[in-house]
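Only the coordinates and a few stated rules stand behind these numbers; no lab work does. Being a predicted model, the structure only gives us computed values, none of them experimental. Backbone-built Cβ (ideal geometry, glycine too); neighbour counts: all protein chains shown.
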Amino acid sequence: MNNGMNPDGCKEYVIGSVRCQVSQDADQAAVLVAQRIAQIIREKSEAGEPAVLGLATGSTPVPVYQELIRMHREEGLSFQNVHSFNLDEYYGLKKDHPESYQSYMQAQLFSHVDIPQDQAHVPDGMIARENVEESCRKYEEAIEACGGLDFQLLGIGRTGHIGFNEPGSQANSRTRLITLDPVTRIDAARDFVGLENVPRAAITMGVGTILNAREIYLLAWGRGKASVIRKALEESPTEDLPASLLQGHQKIIFALNAMAASELTCVRSPWTNGQVTWSEAMIKRAVHGLSHKVGKPILKLVDRDYQLNGLEELLSLYGSAYELNILVFKRTQATITGWPGGKPAADDRSRPVPSDPTEKRIVILASEPGVECSPLGGTLNRLQKQGHQVSIVYLTSGGLTVSGDAVNRLQNLLAMIAESGGVLQSSENLSSGLLELVKKISDEATTEQAIRSLIRKHHSALAMSALNLSESTHHLSLPFYESGGYRNFAPSDQDREVFLTLLNKLQPHQIYVSGKMSDPSSLEGVCWQLFEDTMSDWGEWKNTNQIWLFREGGDRWESHEVDMAVPVSPDERALKEVAMAKYPVEIFLDKMDGALRVANDYDDLGLPEYEEIEAFQLHKPSITA
Ligand code: F6R
């Protein structure tokens, strides 16, 4: 393994036979990938040959397509000689279904460039069962007829899938019908507004089809992908993790942003790769990592543990394991506090939060209703009990997560009330009358959208009342969410203005916010960007403000990244559960145990054993007064 900075400003690592380009952010990485695609298209065009591209869908390639569209518009990049073959398509979805990959490709790329429609291929998801095999064979033949794939673009799923080659897919598999893994379906549930709407199967190119491409780029953004990226690159190739089968390819590049690369050994433990300058954060990471690796609490680590695990240098810096253990243990212990708003009149020199002012103005920024309960329900409860002025700000309505089924149920209920009460002549009158009313009192574009937003608002009101915070909520319903859709959010100055005005009015001493580590096209990633963009216009209050980063859903901070660990007692956990139960269960699918896992990590390090720990990292923005 070696590494270095390449001229494009990204860091380059070689892991086994795989080149990894690590850029600071996704947009930067996407530009490099788009440039490579454009180069292939141009070279092939000059040679009078077709450029045969394997394309992917999902959130990840969106910035690459955006850059290609820009090059087409501004630099004359033509797609006339491009023959594209998409990796996959959901089985049973009509071409014009909004979630079909055919619709996706039209919206994200094809309709914006000059690719001849008959050269843009997406597997047919509506093919009858008995014809699937033949159709898949023809897809492979069509690729071959064009001369094979010059370039294959890939994303990666949490299961390690490439295309829809789920765990178990063989290295020599070809285009075929496949059953989707439950984790993949959960990840798609949001796009389809409900797990029940997600298809169970898909047609996908095989791993073998992908490996036949002459050049492959796998892209990943955000911390959510970091763990699967590490496994794909550092563990032995296995069919259990199809992306790892790429390791044998002669020209494979992983284009990552810093967050997606953050668990790679070369990034995470640079000391294994040569001499480093030890920072406080790096020492903590090394000692926590060692403790987890050898399965011993910090205070039981001995010199030999350090020596056998490449940390000899730390021993010589600190004299012995004993000294180092105590230092890191104490530092970690100091992150634990039951006073997330600061402990009044306490010596706060080694506490995460200053004691003054005793009563703080605190703002919780939730990208949408539902994301606040699991990562910080206990903290919210404490802040409120400890006398702080807490404001929960829901940036968006969350209406996109409300299923059509929930809307129908509400409409049916209205109709039933009308019928049984006999107040009005007909149920339709009451039902449609109320719908009109909903439309009048809401800014939403359609009644259905308005109802969806109200349903989610209702859930959040119930949840916050369970935490005794019903008086403290603000629903910003930022316009970018109402006029956009997942992967297509484009905040404008108006969103920024609404957001900024509220922050400057609330003048918080503490802000809790998520999304810094996320895929930038995800809702929380977009909200984080909006938040960061407003910073330069914050008022005087920014000088005394602390920003605490939480991680949404099942994501969690690793123990060494935590700056404030708020313990959750069994009673508080029960209270959180009551609050969470106010939201429909699909909001928390697979996403409830982040705080539990932090508690287990702390326990393993030899710190007190808690029911849960809600963990936060202090954000240090580069703004000055
Ligand atoms: C898409 C595809 C999938 C996605 C993967 C990641 O055509 O084949 O393998 O690349 O599921 O999806 P996102 O990018 O949405 O995280």
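Please name whichever of 453, 417, 308 sits farthest to the positive end of the charge dipole of the chain, dipole taken about the Cα centre and charges placed at Cβ: Lys and Arg +1, Asp and Glu -1.
Projecting each Cα onto the dipole axis, the largest value belongs to 308.
In whole Hz, what ³J(HN,Hα) sequence does the stretch 483-489 give by Karplus (6.51, -1.76, 1.60; θ = phi - 60°), x for Gly and Pro?
Values, residue by residue: 9, x, x, 3, 6, 10, 7 Hz.
Let me know the shape class of the stretch 275-333, please: from the alpha-carbon gyration tensor, a ≥ b ≥ c as square roots of the eigenvalues, rounded when a/c is under 1.5, otherwise prolate if a/b is greater than b/c, or oblate.
Rounded, because the longest to shortest axis ratio a/c is under 1.5.
How big is the charge dipole of the chain about its Cα centre, in debye rounded to the nearest 20, if each Lys and Arg gets +1 on its Cβ and each Asp and Glu gets -1 on its Cβ?
With only Lys, Arg, Asp and Glu charged at Cβ, the dipole is about 1000 debye.
Report, largest value first, the span of the C-alpha coordinates of the stretch 2-266 along each principal axis, in whole Å.
52, 42, 34
Could you go through the stretch 607-616 in sequence order and give the Karplus-derived ³J(HN,Hα) for each residue, using 6.51 cos²θ - 1.76 cosθ + 1.60 with θ = phi - 60°, rounded to whole Hz, and x for Gly and Pro?
Running phi through 6.51 cos²θ - 1.76 cosθ + 1.60 with θ = phi - 60° gives 8, x, 8, 10, 4, 8, 10, 8, 10, 9 Hz.
Lys/Arg Cβ at +1, Asp/Glu Cβ at -1, dipole of the chain taken about the Cα centre: which of 547, 232, 55 is farthest positive-ward?
Towards the positive end, the residue furthest out is 547.
Going down the list 360/620; 94/457; 293/385; 225/620; 225/542, which pairs span over 29 Å between their C-alpha atoms?
On the way: 360/620 19 Å; 94/457 33 Å; 293/385 39 Å; 225/620 24 Å; 225/542 32 Å.
Among 360/620; 94/457; 293/385; 225/620; 225/542, the Cα-Cα distance tops 29 Å for 94/457; 293/385; 225/542.
Once you charge only the Cβ atoms, +1 for Lys and Arg and -1 for Asp and Glu, what is the size of the charge dipole of the stretch 244-296 about its Cα centre, to the nearest 20 debye?
The dipole magnitude comes to about 120 debye.
Which value, in debye to the nearest 20, gives the size of the charge dipole of the stretch 172-244 about its Cα centre, when Lys and Arg are +1 and Asp and Glu are -1 at the Cβ?
With only Lys, Arg, Asp and Glu charged at Cβ, the dipole is about 120 debye.
Tell me, what ³J(HN,Hα) does each residue in the stretch 83-97 have, in order and in whole Hz, if you take phi through Karplus 6.51 cos²θ - 1.76 cosθ + 1.60 with θ = phi - 60° and put x for Gly and Pro?
In residue order, the calculated couplings are 10, 10, 10, 6, 5, 7, 7, 5, 8, x, 9, 5, 3, 8, 5 Hz.
How about the stretch 331-368: which trypsin sites (Lys or Arg not before Pro) there lie in a loop by DSSP and see at most 14 other Cβ atoms within 10 Å? It would help to have the intermediate numbers written out before the result.
On the way: sites: 331, 349, 360, 361; in loops: 349, 360.
Here the sparse-neighbourhood loop sites are 349.
Going by how many other beta carbons lie within 10 Å of each one, how would you line up 223, 70, fewest first?
Details: 223 21, 70 14.
Least crowded to most crowded, the residues run 70, 223.
Using amide H atoms built 1.01 Å from N in the peptide plane, name the residues 5+ places from residue 473, or on other chains, whose amide H lies under 5 Å from its own.
Distant-sequence amide H within range of residue 473: 392.
Please give the calculated 222 nm ellipticity per residue for the chain, where each DSSP H segment of at least 4 residues contributes -39500 (n - 2.57) and the sum is spread over every residue; nearest 500 deg cm²/dmol? All intermediate terms of the calculation are to be shown ahead of the outcome.
Values: 21 runs with 242 residues, N = 625.
Taking each H run of at least 4 residues, the total per residue is -12000 deg cm²/dmol.
Quick one: which residues, 5+ away or cross-chain, put their amide H under 5 Å from the amide H of residue 512? H built at 1.01 Å from N.
Correct list: 363, 364, 365, 548.
Any idea which of 585, 529, 286 is furthest toward the positive side of the dipole for the chain, if Lys and Arg beta-carbons carry +1 and Asp and Glu beta-carbons -1?
Among 585, 529, 286, the one farthest towards the positive end of the dipole of the chain is 286.
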